[in-house]
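Note sheet for the following structure.
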Amino acid sequence: MMQLLILLRQNFPLLHLLVAALALAIAPAAAPQNWQPLENDGLRDPASPALKLLQQPAAALSTLPPDTAGNRVRWVKALDDGHINPRTNLRAETKVQTYDKDVLLDLNGSMPVVRFPHRVHTLWLDCSNCHDHIFKKQRGATKISMFNILQGEQCGLCHGAVAFPLTECSRCHSTSRKDAKAELAREAAEAAEAAQAADVSLPKAGAK
Amino acid sequence: MSRFGTGAVVCAKVARWLAAVLFGATLGLATLPANAEYGDVVLNRASEKEGMRPVIFPHWFHRIRFRCKVCHFELGFKMRAGANEVKMNDIIEGRFCGMCHNGEIAWAPENCDLCHSGKRGLPPGIFGGHETNGPGRW
């Protein structure tokens, strides 16, 4: 066995690096304490009869796309990839609304620009959960600050409580300033072009 | 001069990196849960006064089966732990939890112990994450 290892090492000098990388890659997956059993969660009464009946977090969550924070589940990926299909409504008459528009925020801060994706938020939430009492619909009309967010206001109402926590800076601050400015310029140009096209197609008032 | 300048930049970079690492470590320690799963909510405004164990509401279990909007839009749960006054009467009459916990979609309210399963003396609030019903723990 030893001889085989030495032989391998001589022929593949990078093998030990590869093994180390593999071990690192496997280690988090093998870490057993991702989800505490309910009886150890510090909340349930060990004498509660519910403990025998309730689903254990590990049983439900270990089958979903893994994450390093929060519930250790990539909830949006779980939804997008069809691992889960949670109900959108209980009443048949409820209008289920979705909206697909990324909004670039914090254009002049010191961190990378925030890309707020409406799509993934409306997969889970209704427009009225955020508009207009937390965030006005009009761009720039609501001053958003990390101070408020860290206090559990604005984005922090969910992020840091049930949605991925505030330790994951780059998941929101994800877009370089250069790319963001270019994207906004492109959008403005497209909007101007569309407006011009609409203008041309309309018969001019008074023109005969 | 330029060499000195580069040194200062590198120093600043290292300092910033160290600060970030320390900040991250502090966050990690401050948010180490008492083993509660992220987003677990304890409801105990009325439970113990009425002689029942506190209610533990696991967000993780519910969001596998329902999108946030079902409870926070259709059922009218406000999005802040402690902002909802939920009484057993509401539930029995089909409001709040009672919209599903009616023996059809989920277990009926007579299975008291399945929800009222918490340790005595737990304060109401959200666990496993940061506090969101008041100033944070930062």
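The values are calculated or read from the model by the stated rules, or taken from the named source; none is laboratory data. Predicted, not measured: the structure shown is a model, and the values here were computed from it. Reconstructed Cβ throughout: ideal geometry from the backbone, glycine too, with neighbour counts over all protein chains shown.
When residues of the range A:71-103 are filtered for being under 23 Å from B:Ile105 (Cβ atoms), assigned to a loop (DSSP other than H, G, I, E, B) and basic (Lys, Arg), how many remain?
Number of matching residues: 2.
Just to be sure I understand, how many residues within the range A:91-103 are within 21 Å of the chain's Cα centre (by Cα) and either more than 24 Å from A:Arg186 (Cα to Cα) or within 14 Å of chain B (Cβ to nearest Cβ) (or both)?
Counting residues in the range A:91-103 that are within 21 Å of the chain's Cα centre (by Cα) and either more than 24 Å from A:Arg186 (Cα to Cα) or within 14 Å of chain B (Cβ to nearest Cβ) (or both) gives 4.
Considering each of A:Leu184, A:Leu125 in turn, give the residue that is closer than 19 Å to A:Met111 by Cβ, of a type in the set (A, V, I, L, M) and surrounded by 10 or more Cβ atoms within 10 Å (Cβ to Cβ).
Matching residue, one of A:Leu184, A:Leu125: A:Leu184.
Scan the range B:41-91 residue by residue and report those that are at the interface with chain A (Cβ under 8 Å from one of its Cβ atoms), touching a His at 6+ places or on another chain (Cβ under 9 Å) and modelled with pLDDT under 95.
B:Met79
What pairs can you find where one residue is in the range B:71-96 and surrounded by 15 or more Cβ atoms within 10 Å (Cβ to Cβ), the other is of a type in the set (Ser, Thr, Tyr), and their Cβ atoms are less than 7 Å apart, with a gap of 6+ or different chains?
Close Cβ pairs satisfying both conditions: B:Phe73/A:Ser128; B:Glu74/A:Thr94; B:Arg80/B:Thr132; B:Ala81/B:Thr132.
Going by the structure shown, is A:Leu54 facing another protein chain (nearest Cβ under 10 Å) and assigned to a helix (DSSP H, G or I)?
So A:Leu54 does not fit the description; no.
What pairs come out if I take residues in the range B:121-135 that are of a type in the set (D, E, K, R) and pair them with residues that are at pLDDT 50 or above whose C-beta lies under 8 Å away, six or more apart or interchain?
These pairs meet every condition: B:Glu131/A:Gly152; B:Glu131/B:Gly125.
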